[in-house]
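Okay, so here's the structure we're looking at.
Taken together, the values in this text are just the output of simple stated rules run on the coordinates, not laboratory data. For clarity, every value in this text was computed on a predicted model and none was experimentally measured. Here the Cβ positions follow ideal geometry from the backbone for every residue, glycine too, while neighbour counts run over all protein chains shown.
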Amino acid sequence: MKISLSVSFKVMLSSCVIFAMMGELFAQEVPSCCVEGVVSRGTFLAQQNDKREVFVGKDSARMLFIPGGKFTMGSSRFQDANVLREIELSPYWIDEHEVTNAQFAQFVAETRYVTVAERELNSKDFPGVDPALLIPGSAVFSPPKEANGLNNHLQWWQYVAAASWKQPEGSGSTIVGREDHPVVHVAYEDAEAYAKWAGKRLPTEAEWEYAAKGGANSDETYYWGTDLKKNGGWQANIFQGKFPEGNTADDGYTITAPVKSYPANSYGLYDMSGNVWEWCSDYYQPQYDSIEQKNPKGPNASYDPQEPGLIKRVQRGGSFLCNDSYCERYQAGARGKGEINSPTNHIGFRCVADVKE
Ligand SMILES: [Ca+2]
């Protein structure tokens, strides 16, 4: 059942939518005379991952080791990421793919956790809204037959009653057959609760970006290089065709894709671009220039000039709705933001874990 959006819901929903190791390796494994056909840095790093992979936490997610190091954080191509600075990170583990429906189901089965989208809505939180409209649910991408321009995103987002992680399109929909798709409709605290249960945590924005860039200091257009496609193949689940109504799904998927459907990056991580947005633990602020150069955790509070009254956390990576005509924030270094209690069907997450000394 679809319900009309009240002004308060529009505000709520709009907020979520707008939203030295190498030297040693070469010395050991590559003869110094070899100047052509040298194995790539990424291959070496992936080998390191293969050697050091472990399973951490209660869920079954395979985590990969990200060696500590320095990198250039930010992107000169996006206004709110255009503070390029050198950041240093300690080593950490990161899930090789986004948390799946099957994994989230295990969490719910063990904890009886109820997500934000499934909870009753309190009229105190939505002053002026007809109580009859306060029905648990979430925002679902529902493109019109033909959009009238791209300025009003409420043309393609609907607040759908009963939409949740286990009913992604509302009543009657199911995740059966989508067990290996990323879980969606998770609010920030849902993701945080899962991470805590699994003995993990959500990544900082710096950790997320360092992992996505694959250990490189590049400011390239895509996490995989300068061209959208590689050898003619799509590298991520994004949107092809005329947005929002003409998705050709040339990459094989209209909405979410099973995790690991596209090539991994040089650290062996999947879907760092596209598929679903991923929550990070940092509060969102545009142009935030951290004074912390090592293991930055972001600002102490959020501030989005577009909606200054709302609390927002960073989201990264873009989703199956990203495309170059409307939202190109699946590209390298781009940032996203989301109001903490506004899940949608293109927001998920993955976890990280500290390396125990
Ligand atoms: Ca797609």
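Miscellaneous remarks
- Selection from 279, 266, 308, by position along the positive dipole direction of region 256-326 (Cβ): 266
- The charge dipole of region 82-178, taken about the Cα centre with unit charges on the Cβ atoms of Lys, Arg (+1) and Asp, Glu (-1), comes to about 300 debye, rounded to the nearest 20.
- Amide H contacts of residue 318 (H built 1.01 Å from N, in plane; Pro and chain starts excluded): 274, 278 sit under 5 Å, all sequence-distant by 5 or more or on other chains.
- Amide H to amide H distances under 5 Å link residue 329 with 323, where only residues 5 or more positions off or on other chains count and H is placed in the peptide plane.
- Residue 78/residue 295 FRET efficiency (R0 22 Å; Cβ-Cβ; nearest 0.05): 0.45
- Ordering 84, 133, 202 by the number of other Cβ atoms within 10 Å of each residue's own Cβ, fewest first, gives 84, 133, 202.
- Taking a sphere under 9 Å around the Cβ of residue 201 and counting the other residues whose Cβ falls inside, with K and R at +1 and D and E at -1, yields a net charge of 0.
- A straight Cα-to-Cα reach below 12 Å connects residue 145 with the aspartates and glutamates 245, residues fewer than 8 places away in its own chain not being considered.
- Order of 83, 352 - criterion: other Cβ atoms within 10 Å of each residue's Cβ, fewest first: 83, 352
- The phi-based Karplus calculation (6.51 cos²θ - 1.76 cosθ + 1.60; θ = phi - 60°) puts the 3J(HN,Hα) values of region 81-96 at 10, 8, 10, 6, 8, 7, 10, 10, 10, 6, x, 7, 9, 9, 4, 6 Hz, whole numbers, x for Gly and Pro.
- Fully extending the segment from residue 85 to residue 226, taken as 0.36 nm per residue of separation minus the present Cα-Cα distance, adds 48.6 nm.
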